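**Student:** Pasting a structure below so you can have a look.
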Amino acid sequence: MSSSNQLNQSSRFLANKPRNEVNVQGYTFRIDGNTTFVMNYGRWSEKRKRLISEIRSALNVHNDQVLDDKLLFLIDTVMKHYFELFEMKTSAANLDVFSVVSAIWCTTAERNLLWIGGFRPSQLLQVILPQVQHSCSQQQLSDIFSFVQSCQQAEDALAQGMEKLQQNLDKATAAGDKALKLTCVSQQMSFLKQANHVRQQFLYQLSRLLTICQYAEFLLAFGECLYNSQPWSSL
């Protein structure tokens, strides 16, 4: 079985995570024990650092079979970990979608790539690709460029919808139309879920285009690109 096929089978979705709590007053997250989004995100970040460190160490192993087996396990774990973050955001957004979409909790680096409550896949890949393309074949690069274009199309469609939604929200706020504001909140929640789905599919589909080692290197670059700054700087 090829390494790409092994990696495809290794990618699975993690769902049904506990909900988290946020405070809708002043768009500030409430720290209330261990169940808040802020606390959970802090723990999530620490675990992500440990997993990325393990991937970096595994890449230094010279036994190919041991390397593939170890990396498959770690990649599967890291992907589940990112999917868990998407679920955490969705749960927090059920109580305060505006704070999640505006991402006051994210790192400075991630804020530079902010798009509907998280990173914008096509933009992120354009930043990271120069760091990993040295090991890619021409066919892989061609497939990746096509993949970027498809990501951009999905992102543009959501961005247009969000722009129209913001216009409706501004009108509702100006007119004091509470019913319309509630409708906008519901629609914004839907856009966040769709954006998270695009991010999830981005991670999964890219894993199908790269070998095990290439995808591991991508995850290292991914982490460095988004999480190399301290979170909570805006709180």
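The values are calculated or read from the model by the stated rules, or taken from the named source; none is laboratory data. Note that the coordinates shown come from a computational prediction; the quantities given were computed from them, not determined experimentally. Positions of Cβ are generated from backbone atoms using ideal geometry, with glycine treated the same way; all protein chains shown enter the neighbour counts. When the accessible area is computed, the model is the full protein with side chains, heavy atoms only, and any ligands, DNA or RNA have been set aside. Shrake-Rupley method; radii C 1.70, N 1.55, O 1.52, S 1.80 Å.
**Student:** I'd like the residue in region 103-114 that is assigned to a helix (DSSP H, G or I) and open to solvent by less than 50 Å² (accessible area, probe 1.4 Å) and, out of all such residues, is nearest to LEU209 (Cα to Cα).
**Tutor:** The initial filter retains those residues of region 103-114 that are assigned to a helix (DSSP H, G or I), namely 108-111.
Those still in the list that are open to solvent by less than 50 Å² (accessible area, probe 1.4 Å) too: 109-110.
On the way: ALA109: 26, GLU110: 24 Å.
Applying the filter and picking the extreme gives GLU110.
**Student:** Can you tell which of ALA179, ALA157, ALA216 is small (Gly, Ala, Ser) and touching a helix residue (DSSP H, G or I) at 6+ places or on another chain (Cβ under 7 Å)?
**Tutor:** ALA216
**Student:** Moving on to the next point. Determine which member of the set GLN194, GLN166, GLN160 is open to solvent by 30 Å² or more (accessible area, probe 1.4 Å), more than 23 Å from SER142 (Cα to Cα) and either among the hydrophobic types (A, V, I, L, M, F, W, C) or at pLDDT below 90 (or both).
**Tutor:** Values: GLN194 fails: either among the hydrophobic types (A, V, I, L, M, F, W, C) or at pLDDT below 90 (or both); GLN160 fails: either among the hydrophobic types (A, V, I, L, M, F, W, C) or at pLDDT below 90 (or both).
Going through GLN194, GLN166, GLN160 in turn, just one is open to solvent by 30 Å² or more (accessible area, probe 1.4 Å), more than 23 Å from SER142 (Cα to Cα) and either among the hydrophobic types (A, V, I, L, M, F, W, C) or at pLDDT below 90 (or both): GLN166.
**Student:** In the set LEU85, LEU72, which member is open to solvent by 20 Å² or more (accessible area, probe 1.4 Å), in a helix (DSSP H, G or I) and at pLDDT below 95?
**Tutor:** Being open to solvent by 20 Å² or more (accessible area, probe 1.4 Å), in a helix (DSSP H, G or I) and at pLDDT below 95 holds for just one of LEU85, LEU72, which is LEU72.
**Student:** Between residues in region 196-221 that are among the polar types (S, T, N, Q) and residues that are outside any helix (DSSP H, G or I), which pairs lie under 8 Å by C-beta distance while being six or more apart or on different chains?
**Tutor:** Pairs that qualify, where the first residue is among the polar types (S, T, N, Q) and the partner is outside any helix (DSSP H, G or I), are ASN196/GLY117; ASN196/GLY118; GLN200/PHE13; SER207/SER11; GLN214/CYS136.
**Student:** Sticking with this structure for a sec: Can you work out which of the residues in region 120-143 that are in a loop (DSSP other than H, G, I, E, B) and not hydrophobic (A, V, I, L, M, F, W, C) is nearest to VAL185 (Cα to Cα)? Walk me through how you get there before you give the answer.
**Tutor:** Initially, region 120-143 is screened for residues in a loop (DSSP other than H, G, I, E, B), giving 120, 136-137.
Then keep just the ones that are not hydrophobic (A, V, I, L, M, F, W, C); that gives 120, 137.
Values: ARG120: 21, SER137: 45 Å.
Among residues in region 120-143 that are in a loop (DSSP other than H, G, I, E, B) and not hydrophobic (A, V, I, L, M, F, W, C), the one nearest to VAL185 (Cα to Cα) is ARG120.
**Student:** Please find, within region 102-122, the residue that is nearest to PHE86 (Cα to Cα) out of those that are in contact (Cβ under 8 Å) with a residue 24 or more places away in the chain and aliphatic (A, V, I, L, M).
**Tutor:** ILE116
**Student:** Residues that are among the aliphatic types (A, V, I, L, M) and touching an Asp or Glu at 6+ places or on another chain (Cβ under 6 Å): does region 120-142 have at least one?
**Tutor:** Narrowing region 120-142 to residues among the aliphatic types (A, V, I, L, M): 124-125, 127-129, 132, 141.
Of the ones still in play, those that are also touching an Asp or Glu at 6+ places or on another chain (Cβ under 6 Å) are 132.
Yes; the residues of region 120-142 include at least one that is among the aliphatic types (A, V, I, L, M) and touching an Asp or Glu at 6+ places or on another chain (Cβ under 6 Å).
**Student:** What number of residues within region 133-154 satisfy the criterion of being under 23 Å from TRP115 (Cα atoms), open to solvent by less than 70 Å² (accessible area, probe 1.4 Å) and either out of contact with any Ser or Thr (no Cβ under 6 Å at 6 or more places or on another chain) or of a type in the set (Gly, Ala, Ser) (or both)? Let's see the steps before the verdict.
**Tutor:** Start the filter on region 133-154 by keeping residues that are under 23 Å from TRP115 (Cα atoms), which leaves 144-154.
Narrowing the set further to residues that are open to solvent by less than 70 Å² (accessible area, probe 1.4 Å) leaves 144, 146-148, 150-152, 154.
Restricting the remaining residues to those that are either out of contact with any Ser or Thr (no Cβ under 6 Å at 6 or more places or on another chain) or of a type in the set (Gly, Ala, Ser) (or both) gives 144, 146-147, 150, 154.
Number of matching residues: 5.
**Student:** Which of the following residues is at positive phi and either in a helix (DSSP H, G or I) or within 15 Å of the chain's Cα centre (by Cα) (or both): GLY161, GLY223, GLY117?
**Tutor:** After applying the criteria, what remains is GLY117.
**Student:** Can I ask one more? Is region 137-152 home to any residue that is in contact with a Phe, Trp or Tyr (Cβ under 9 Å, 6 or more places away or on another chain) and in contact (Cβ under 8 Å) with a residue 40 or more places away in the chain?
**Tutor:** Looking for residues that are in contact with a Phe, Trp or Tyr (Cβ under 9 Å, 6 or more places away or on another chain) and in contact (Cβ under 8 Å) with a residue 40 or more places away in the chain, one finds at least one in region 137-152, hence yes.
**Student:** Which residue is nearest to PHE73 (Cα to Cα), if the candidates are limited to region 15-62 and must be among the hydrophobic types (A, V, I, L, M, F, W, C) and modelled with pLDDT under 50?
**Tutor:** It comes out as ALA15.
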